[in-house]
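**Student:** Structure incoming, see below.
The values are calculated or read from the model by the stated rules, or taken from the named source; none is laboratory data. As the structure is a prediction and not an experimental result, all values here were calculated from the model. Don't worry about glycine lacking a Cβ; one is built from the backbone with ideal geometry, like all the others, and counts go over all protein chains shown.
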Amino acid sequence: MVLLRKKIGVVVTGGIAAYKATELVRQLVKAGAIVRVIMTKSASEFITPLTLQVLSRHEVLIDTFSENDTEHVQHIEFADWCDLVVVAPATANIIGKLSNGIADEIASTTLLAVACPCLLCPAMNTNMYQHPATQRNLKRLKKDGYYLLEPDTGFLAEGYEGKGRLPVITQIVEKLESIAAKHFYPQLLENKKVIVTAGGTRERIDPVRYISNDSSGKMGYAMAKIASFLGAEVSFISTKDHFPMMDNMDLILVESALQMQKEINERYAQTDYVIMAAAVSDFRMMDQAEHKIKKKDQENEKILWELIENPDILAELGQNKKQQVLVGFAAETQNLIEYAQRKLKSKRIDWIIANDVSQKDIGFNSKNNQVTLLNEKGQVVNLPKMEKIDLARKVWEIILNDPIIKD
Ligand SMILES: Cc1cc2nc3c(=O)[nH]c(=O)nc-3n(C[C@H](O)[C@H](O)[C@H](O)COP(=O)(O)O)c2cc1C
């Protein structure tokens with residue numbers, strides 16, 4: 001979403017991971033970006049320019065002196081065209097050249113002319129990466145304002161483990177998204193602290209069983225991601241740990257409602273916005289069994305477990321509210337707006353986001369959502385069905401009363 005219509009220059013240099021640039025270009029195009037590619041001569045030993053030309057739908061620049069356009073010098077035109085540049089994979093060689101201002105072929109020459117944000121993704125043999133010269137060059141480039149994505153540790157093409165692998169492409173795209181947001185989104189939540197809760201809590205029955213619900217954490221994650229795009233410092237208190245964290249986002253992994261409550265309370269006094277997107281279990285076991293509960297001998301025998309109500313976290317936050325803006329979610333299967341209004345009034349919260357979780361294609365676990373926002377002043381905003389990340393953006397726009405992102 002952040003990359004929609006962004007002009008991205010992809011510079012591919014001659015490492016073994018050059019073949020992965022195909023997937024990078026594909027994913028950027030899929031994200032709505034306009035992509036142009038430059039390749040070094042060495043990169044074209046690993047992968048053909050034709051592949052990247054087809055995937056990017058643009059001519060690939062490979063030679064500084066193949067000047068066919070009398071109006072423009074191609075490397076300057078390319079550099080000026082870009083909103084963002086990514087060098088992936090970035091060889092030890094290009095890193096060395098860039099940190100020393102060398103411009104002796106198309107990639108290094110263009111990179112010196114680039115004035116927009118630039119992300120470097122080094123990928124090489126682990127000894128090449130650890131070499132003091134490479135480390136010195138990277139340090140200098142960081143100081144010069146380049147963004148760096150550290151390589152992963154894992155099995156290298158050389159046949160042994162080490163640090164030097166190109167990170168998975170989704171991670172490169174996510175890094176580009178957060179760089180784009182930082183530069184192109186207004187930083188409306190700069191210096192603001194935001195708590196976002198996500199996922200269904202798990203209330204233990206015994207060491208191997210629990211009571212939970214279908215909440216996937218996707219809506220909460222989308223809210224947290226947009227908050228981080230707007231410059232907030234985000235505490236993401238979640239029961240799910242598979243979401244990639246953005247630069248200014250901390251994952252606080254919890255399991256039960258009580259753990260979630262403790263983590264929120266520790267941060268609440270210093271927080272500006274609390275987005276309670278987690279589906280907190282209303283009940284927990286009165287007594288959690290220490291060992292796995294054994295099956296009874298007789299079939300159809302009745303088993304009675306005592307449940308106790310969990311604390312109403314949102315209502316407690318409402319009672320202790322000072323500067324905080326409180327946003328709750330009301331997931332209902334019937335009488336949606338009526339229940340949401342009741343929740344809004346009884347809990348002293350600022351906004352309630354009501355969603356109907358009885359429909360299969362929206363709400364819990366699905367990619368899309370459709371919600372109605374209600375606030376304590378009686379404002380009601382119906383939003384149409386859309387992807388959760390787009391919805392999160394709209395919701396923040398409404399809460400902040402600012403059309404933050406102009407499409
Ligand atoms: C099979 C093979 C794999 C290579 N893999 C890498 C690599 O992953 N990273 C790297 O920095 N250099 C790697 N190199 C060395 C670069 O290709 C070499 O330093 C070249 O000069 C880089 O040119 P460029 O930076 O202009 O693309 C590899 C070389 C060969 C022959």
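**Student:** Which of the residues belonging to the range 1-32 are within 11 Å of the ligand (Cβ to nearest atom) and either within 21 Å of T109 (Cβ to Cβ) or not in a helix (DSSP H, G or I) (or both)?
**Tutor:** Across the range 1-32, the qualifying residues are V11, V12, T13, G14, G15, A18.
**Student:** Here is a further query. Working only within the range 3-62, note down all residues that are basic (K, R) and touching a residue at least 40 places away in the same chain (Cβ under 8 Å).
**Tutor:** The first filter runs over the range 3-62 and keeps only residues basic (K, R), leaving 5-7, 20, 26, 30, 36, 41, 57.
Listed by number, the residues that qualify are K6, K7, K20, R36, K41.
**Student:** OK, next. Among the numbered conditions (1) in contact with a Pro (Cβ under 6 Å, 6 or more places away or on another chain); (2) away from the ligand (no atom under 16 Å from the Cβ), tell me where V60 comes up short.
**Tutor:** Unmet for V60, out of (1) in contact with a Pro (Cβ under 6 Å, 6 or more places away or on another chain); (2) away from the ligand (no atom under 16 Å from the Cβ): (2).
**Student:** Moving on. Out of (1) small (G, A, S); (2) surrounded by fewer than 19 Cβ atoms within 10 Å (Cβ to Cβ); (3) assigned to a helix (DSSP H, G or I); (4) more than 16 Å from the ligand (Cβ to nearest atom), the odd one out for S66 is which?
**Tutor:** (3)
**Student:** Right, another one. Please go through the range 73-118 and pick out each residue that is in a loop (DSSP other than H, G, I, E, B) and either more than 15 Å from the ligand (Cβ to nearest atom) or closer than 23 Å to K182 by Cα (or both).
**Tutor:** Of the residues in the range 73-118, the ones in a loop (DSSP other than H, G, I, E, B) are 73, 82-83, 91, 100-105, 114-117.
If the condition is that a residue be in a loop (DSSP other than H, G, I, E, B) and either more than 15 Å from the ligand (Cβ to nearest atom) or closer than 23 Å to K182 by Cα (or both), then V73, C82, D83, G101, V114, A115, C116, P117 are the ones that fit.
**Student:** So K142 clears everything in (1) more than 30 Å from A278 (Cα to Cα); (2) in a strand (DSSP E or B) except one condition, right? Which one?
**Tutor:** Result: K142 fails condition (2) only.
**Student:** Kindly indicate whether T109 is crowded, with 19+ Cβ neighbours inside 10 Å, on the phi < 0 side of the Ramachandran plot and in contact (Cβ under 8 Å) with a residue 24 or more places away in the chain. Lay out the reasoning, then the answer.
**Tutor:** Details: crowded, with 19+ Cβ neighbours inside 10 Å: yes; on the phi < 0 side of the Ramachandran plot: yes; in contact (Cβ under 8 Å) with a residue 24 or more places away in the chain: yes.
When the stated conditions are applied, T109 passes them.
**Student:** Based on what the data block shows, is T51 in a loop (DSSP other than H, G, I, E, B) and assigned by TED's automatic domain parsing to the domain that holds G145? Spell out how you get there, then give the answer.
**Tutor:** Numbers: in a loop (DSSP other than H, G, I, E, B): no; assigned by TED's automatic domain parsing to the domain that holds G145: yes.
Here the answer is no, as T51 does not meet what is asked.
**Student:** Here are some residues: D63, D69, D80. Which one is of a type in the set (D, E), modelled with pLDDT of 95 or more and more than 27 Å from the chain's Cα centre (by Cα)?
**Tutor:** Working: D63 fails: modelled with pLDDT of 95 or more; D69 fails: modelled with pLDDT of 95 or more.
After ruling out the rest, the residue left standing is D80.
**Student:** Might you let me know whether the range 304-318 holds any residue that is of a type outside the set (S, T, Y) and closer than 26 Å to E387 by Cβ? I'd like the intermediate steps shown before the answer.
**Tutor:** From the range 304-318, those of a type outside the set (S, T, Y) are 304-318; that's our starting set.
The next check asks that each one be closer than 26 Å to E387 by Cβ; those that pass are 314.
The answer is yes, given that some residue of the range 304-318 is of a type outside the set (S, T, Y) and closer than 26 Å to E387 by Cβ.
**Student:** For the range 63-81, which residues satisfy the criterion of being in contact (Cβ under 8 Å) with a residue 40 or more places away in the chain and either out of contact with any helix residue (DSSP H, G or I) (no Cβ under 9 Å at 6 or more places or on another chain) or at positive phi (or both)? Steps first, answer last, please.
**Tutor:** First, the residues of the range 63-81 that are in contact (Cβ under 8 Å) with a residue 40 or more places away in the chain: 63-64, 78-79, 81.
W81 - this is the single residue of the range 63-81 that is in contact (Cβ under 8 Å) with a residue 40 or more places away in the chain and either out of contact with any helix residue (DSSP H, G or I) (no Cβ under 9 Å at 6 or more places or on another chain) or at positive phi (or both).
**Student:** Do we find a residue being touching a strand residue (DSSP E or B) at 6+ places or on another chain (Cβ under 7 Å), closer than 17 Å to A17 by Cβ and part of a helix (DSSP H, G or I) anywhere in the range 33-41?
**Tutor:** Checked against the condition, which is being touching a strand residue (DSSP E or B) at 6+ places or on another chain (Cβ under 7 Å), closer than 17 Å to A17 by Cβ and part of a helix (DSSP H, G or I), the range 33-41 yields no hits at all.
Rundown of residues vs (1) modelled with pLDDT under 95; (2) of a type in the set (S, T, Y); (3) assigned to a loop (DSSP other than H, G, I, E, B); (4) buried (at least 18 other Cβ atoms within 10 Å of the Cβ), yes/no style:
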site: C121; (1), (2), (3), (4): no, no, no, yes
site: N137; (1), (2), (3), (4): no, no, no, yes
site: E150; (1), (2), (3), (4): no, no, yes, no
site: G154; (1), (2), (3), (4): yes, no, no, no
site: A157; (1), (2), (3), (4): yes, no, yes, no
site: V173; (1), (2), (3), (4): no, no, no, yes
site: V196; (1), (2), (3), (4): no, no, no, yes
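**Student:** Right, next: Could you list, ordered by first residue, the pairs with Cβ atoms under 8 Å in which the first is in the range 122-138 and in contact (Cβ under 8 Å) with a residue 12 or more places away in the chain and the second is of a type in the set (K, R), at least 6 apart or interchain?
**Tutor:** Short answer, once both residue conditions are applied: A123/R165; T126/K163; Y129/K163; Q130/K163.
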